[in-house]
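Asks: Below are the structure tokens for one structure; questions will follow.
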Amino acid sequence: MSDDERALLIASHHDPAELRRATAAREIERVRRGAYRAPRAGTHDPHAHARDHLAAVHQQLDADHVFSHESAALVWGVPLWETPSTTHVLQRSGASSRSAHDIVRRRGLPERWVQREGLPITDLTRTVVDCVTTMHPLGGLVVADWALGRGLDRAEAVRLLVGRRRGVRRARLLLDLAEGQVDPPWETWLRYVAVRAGLPRPGTQLRVDTRAGRFFVDVAWLEHGVLAEFDGRIKYRDGAFGPGYDAEQALFDEKVREDAITERLGVRPLRFVARDARDPDGVARRLLARFPADVRRAARINPLLPAPPARAHGGSSRSRRQFELPR
């Protein structure tokens with residue numbers, strides 16, 4: 001049993017009056033109906049509550065079960081684009097009429113599953129296939145990118161699609177687009193926006209040997225002289241990576257790096273930050289503006305790739321706006 005499970009208080013095992021008193025005193029907080037835990041002080045992990053919820057469901061379910069879809073991905077350690085609002089579970093029997101609204105139940109236990117952190121979850125391949133066939137495509141691509149970098153057999157995942165009825169065409173596209181040499185989720189987001197806009201498939205982690213050392217560019221269309229990177233601004237805060245971390249030195253080092261790449265390749269990378277996720281249309285326009293006219297004219301929005309949702313933890317904030325590509 002994991003530390004998180006040990007920290008949970010299941011109502012059926014405790015005095016109801018004591019639980020009410022502790023809740024009123026804010027000594028514990030509710031995870032879901034019938035499950036509580038001590039408040040998480042100072043945590044910045046956006047997925048912490050979802051993991052608590054999953055652990056509570058595990059302790060409260062009597063029947064055999066295996067967690068699946070984004071719930072399994074969460075346990076695998078995938079940096080999901082959106083925090084799951086429900087827990088997905090496979091059971092031998094289907095959902096009853098009184099099934100809880102915060103659990104998505106599916107009938108049938110998988111042949112292959114693993115135990116991870118004390119929790120039964122679908123194996124990595126099944127988890128990826130479930131995600132790319134049911135999640136928003138950006139979320140599914142984040143899962144596939146992460147898994148490919150950790151040994152996922154792409155061909156096996158494609159074979160597992162056989163017999164699926166929904167989302168297969170899009171899932172095949174996502175599995176084809178997946179790259180193992182990326183750092184999800186933000187580098188995945190940048191590629192997704194580019195491919196959705198109809199740009200050619202970019203290279204990833206382009207190695208550039210410069211006078212200042214060897215560097216890697218996140219996304220590159222070298223034949224068109226276009227480079228793009230996601231800039232995690234947290235690295236420019238003192239102490240961001242532990243005591244003694246110097247943000248001013250990090251900013252200086254990044255300037256040296258960017259100048260060296262520009263000198264070597266003759267082009268300065270476009271830089272994007274987290275707030276750009278609020279305007280993916282603007283990101284696409286900035287990218288397209290760097291390409292020659294024939295590429296811009298040929299660009300068409302890929303109908304299999306809807307607009308990316310903003311990264312709003314704990315909810316699903318999806319933009320449905322379409323946009324016109326510059327010609």
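The values are calculated or read from the model by the stated rules, or taken from the named source; none is laboratory data. All of these numbers come straight from a predicted model, not from anything done at the bench. For neighbour counting, all protein chains shown are included, and Cβ atoms are generated from backbone atoms with ideal geometry for every residue, glycine included. Note: areas computed on protein heavy atoms with side chains; ligands, DNA, RNA excluded. Shrake-Rupley method; radii C 1.70, N 1.55, O 1.52, S 1.80 Å.
Asks: Is the stretch 52-59 home to any residue that is free of Cβ contacts under 8 Å to residues at least 24 places away in the same chain and either open to solvent by 50 Å² or more (accessible area, probe 1.4 Å) or under 22 Å from the mean Cα position of the chain (by Cα) (or both)?
Replies: Within the stretch 52-59, the subset free of Cβ contacts under 8 Å to residues at least 24 places away in the same chain is none.
No: zero hits.
Asks: With the requirement that a residue be within 23 Å of the chain's Cα centre (by Cα) and on the phi < 0 side of the Ramachandran plot, what does the stretch 32-51 give you? Talk me through it step by step, then tell me what you get.
Replies: Here is the first cut: in the stretch 32-51, the residues within 23 Å of the chain's Cα centre (by Cα) are 40, 42-51.
Passing the criteria: Arg40, Thr43, His44, Asp45, Pro46, His47, Ala48, His49, Ala50, Arg51.
Asks: Another question about this same structure. If the Cβ limit is 7 Å and pairs must be 6+ apart or interchain, which residue in the stretch 21-47 that is within 19 Å of Leu80 (Cβ to Cβ) and modelled with pLDDT under 90 pairs with which residue that is open to solvent by 60 Å² or more (accessible area, probe 1.4 Å) and outside any helix (DSSP H, G or I)?
Replies: Listed by first residue and then by second, the contacts come to Pro46/His313.
Asks: Does the stretch 121-160 hold any residues that are open to solvent by 10 Å² or more (accessible area, probe 1.4 Å), within 15 Å of Trp81 (Cβ to Cβ) and among the β-branched types (Val, Ile, Thr), and which are they?
Replies: Thr134
Asks: Sticking with this structure for a sec: Name the residue that is nearest to Gly139 (Cα to Cα), counting only residues in the stretch 171-181 that are open to solvent by 20 Å² or more (accessible area, probe 1.4 Å) and in contact with a Ser or Thr (Cβ under 8 Å, 6 or more places away or on another chain).
Replies: Glu179
Asks: Could you list, in sequence order, all residues of the stretch 187-217 that are within 23 Å of the chain's Cα centre (by Cα) and either free of Cβ contacts under 8 Å to residues at least 24 places away in the same chain or closer than 14 Å to Val267 by Cα (or both)?
Replies: Gly203, Leu206, Phe216, Val217
Asks: Another question, then. Pick from the stretch 10-31 the residues that are more than 25 Å from Ala73 (Cβ to Cβ), basic (Lys, Arg) and surrounded by 10 or more Cβ atoms within 10 Å (Cβ to Cβ): which of them is nearest to the chain's Cα centre (by Cα)?
Replies: Only one residue tops the list, namely Arg20.
Asks: Now for a separate question. Of the conditions (1) of a type in the set (Val, Ile, Thr); (2) within 27 Å of the chain's Cα centre (by Cα); (3) at pLDDT 85 or above, Thr262 fails just one. Which one is it?
Replies: (2)
Asks: Quick one: is Gly94 farther than 17 Å from His53 by Cβ, open to solvent by less than 40 Å² (accessible area, probe 1.4 Å) and modelled with pLDDT under 95?
Replies: Spelling it out, Gly94 is indeed farther than 17 Å from His53 by Cβ, open to solvent by less than 40 Å² (accessible area, probe 1.4 Å) and modelled with pLDDT under 95.
Asks: How many residues does the stretch 65-90 contain that are over 17 Å from Thr133 (Cβ atoms), at pLDDT below 95 and open to solvent by less than 30 Å² (accessible area, probe 1.4 Å)?
Replies: 1
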